[in-house]
Amino acid sequence: MAAKVIIDIPDKAMPIWEDPRRVNTLYGGRGSTKSWTVAQILSLNGYREPRRILCGREIQKSLDESVFRLLRQQQHRMGLGSFYQEHKGGIRGLNGTEFIFKGLRTENIDSLKSIEDVDDCWLEEAHVLSHKSIRILVPSIRKPGSRFYVTLNPELDDDPAYERFVLNADPERSHAIKMNYNDNPWFKDTELEAERQYDNDHDRTPGKFMYAHVWDGMTLPAVEGAIFAGEVALFEQERRYRDIDIDPMGLVHGIMDLGWGVMTMVLAQRFASTVQVIGYREWRNATYDQITAELRADKQLEGVRWGKIFMPHDASHRDPKTGRSHRAVMRDLDWNVASVPQLGVENYIEKGRRLFRTAYINKGNGGDDLMRCLKRFKYKVAVDNEHKKTGVDKDDFSHGSEAWCYTAVVADELTNNERTTVNPYEGFDSGYAA
C-alpha cells in the first residue's frame, strides 16, 4: 500500500519542483525553507523511482556535519520515515534509492571524478565550496537527466558557488531563485520571528549589513570576523573601490610583502593627502629577476614613472645561501629601494584601518584581487583558549592585506618629484583632499 505523502513547498520554490533543470539553486537568508524544500523534493523523487543521490559539502568529517538528520526529519514528517532506512554512512529506500554523503575536500575531490550513476547532487552550504570542487564535481555528474540542487546564503559576492550558480547561471539550463523568510508562508509560526526582530533592532553594523546578510540573503562586505569588515563596508558605500586611471604626472610606488614562496605588491600613487592604489600583483615562487622582468614588460604599467619599492624590514636580512639581502638584490636590478619600518602587527593593522579613510582602490589592474584579500583578512583564533587571538591568520589572503598595511605605514613617503598642480581626480567624490 502506497504511503500517504505530505509535501509543503513554498510557491516561490515551485519552479524547481514542477520544472527541474540541470542546476536548481535556492539562495537567500535564514528561515526561508531552502534546505527543507530540497530535502522534500529529493525524498519524494527517491520514493517515486530508484535514484542515486549524492549529498555533498566542502568539508564533512562525520554524518553530523551533513544533511543526514535534516533528510530524516523531513522524511518522517512527510510520512516516508519507514520507507527510508538508515544504514552506516547513508540512507536507503525500499525501492533501492540511495542517499550518499561526501565531504568534497575531506574525501579528496580528485577521487570523485569517477562518480557514476548519480541522478541528483545536493550541494548544501554551497557558499564555502572551492573553485576546485566545483570545477571537478560539476562535469563528473554526467548521467543523462542528472541534476544539481544547490542551497546557500552567499557570504561574499565573489564566492565561487554564488558566481557559478547565481550570477553566471545559464537561464536555459538553470533556476536561480532567491528565497528569504518573507517567502516562507509558515515563518511567523516559528520562533525565528523573535530572533529576526531582535537582530533588526540590535544590528549596529554600517547599513545593518549583518542583518541584511542573515535575513535578506545579501552578500557581506567581508567575511564574518574579518579584521577590516567595517572599514570595507564603508569603503564600498563611499564608492572608493572604483575605476581609477594612472596619473602620468605622478610616480608609481611599489609596496611589498614577502612570504614563504609568496610575494605581493601594492602599486600606489599619492595625490595630496590621498593614496590611489592603481594596481596589485602577486607572485608565487618567483625570483626578483622574474618579478622585475614582469613589471617592466607589463602593458598596464607601460610608460609609468617608477618611484620607490618599499620592502619589509626583514628584507635587510642576508640570505645564508648567497650572503646578500633581498634589498640588495632589488637594488642591483636598478630599483630605488626603501624600508618599511618595524612597528608591530597591531600597529600595522591600525594604520591599515586608517588608510581606508583616505584611499581609493582601482577595480582593474589587480585591484579586485587586493579587495578579495582585504575582505578575508582574519586573526588566527585558539578555540580551546576562550577564542583568544594568536596573531594574523597566514593564509592566501594575508600577504595582500599586509602589503596594504605597509602601504599605510609609508603613505607619507609616497611622494612625487614634482608638485602636481592639476587634480586629475577632481571629478571624483569629495573624499579626495585638496
message: Please list 3J(HN,Hα) in residue order for region 75-84, calculated via the Karplus relation 6.51 cos²θ - 1.76 cosθ + 1.60 where θ = phi - 60°; whole Hz, with x for glycine and proline.
response: 5, 5, 5, 6, x, 10, x, 8, 5, 9
query: Of the heavy-atom accessible surface of the chain (probe 1.4 angstrom), what whole percent is carbon and sulfur?
result: 47 percent
Using θ = phi - 60° and Karplus 6.51 cos²θ - 1.76 cosθ + 1.60, couplings along region 281-290 (whole Hz; Gly, Pro as x): 9, 10, 9, 10, 6, 9, 8, 5, 4, 5
message: Under 5 Å between amide hydrogens, which residues at least 5 positions from G364 or on another chain qualify, with H placed 1.01 Å from N in the peptide plane?
response: I244
message: If each DSSP helix of 4+ residues adds -39,500 (n - 2.57) and the sum is divided by the residues in the chain, what number results at 222 nm, nearest 500 deg cm²/dmol?
response: -8000 deg cm²/dmol
Amide H contacts of Y379 (H built 1.01 Å from N, under 5 Å, at least 5 apart or other chain): I227, D393
J(HN,Hα) series, region 399-405, from Karplus relation 6.51 cos²θ - 1.76 cosθ + 1.60, nearest Hz, glycine and proline x: 5, x, 5, 5, 5, 4, 4
query: When ligands, DNA and RNA are left out and all protein chains stay put, how many square angstrom of accessible area per residue does the chain have with a 1.4 Å probe?
result: 50 Å²
statement: Of the convex hull drawn through the C-alpha atoms of the chain, the volume per residue in Å³ is 191 Å³
task: Specify the longest stretch of the chain that does not include any exposed loop site, a site being one of the GluC sites (Glu not before Pro) with a non-H, G, I, E, B DSSP assignment and at most 10 other Cβ atoms within 10 Å.
output: 1-115
- prompt: Using 0.36 nm per residue, how much length does the chain from T205 to E163 gain when fully extended, once their Cα-Cα distance is taken away?
  reply: 12.6 nm
- request: Restrict the search to region 195-287; then list the chymotrypsin sites (Phe, Trp or Tyr not before Pro) that DSSP places in a loop and that have at most 11 other Cβ atoms within 10 Å of their Cβ.
  value: W260
message: If amide hydrogens are placed 1.01 Å from N in the peptide plane, which non-local residues have theirs closer than 5 Å to the one on T274?
response: A433
- request: Using only the Cα atoms of region 283-366, build the gyration tensor, take square roots of its eigenvalues as a ≥ b ≥ c, and label the shape rounded, prolate or oblate: rounded if a/c is under 1.5, else prolate if a/b is larger than b/c, else oblate.
  value: oblate
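The values are calculated or read from the model by the stated rules, or taken from the named source; none is laboratory data. Source: prediction; values computed, not measured. Methodologically, a virtual Cβ is constructed for each residue, glycine included, from the backbone with ideal geometry; neighbour enumeration extends over all protein chains shown. Note: areas computed on protein heavy atoms with side chains; ligands, DNA, RNA excluded. Shrake-Rupley method; radii C 1.70, N 1.55, O 1.52, S 1.80 Å.
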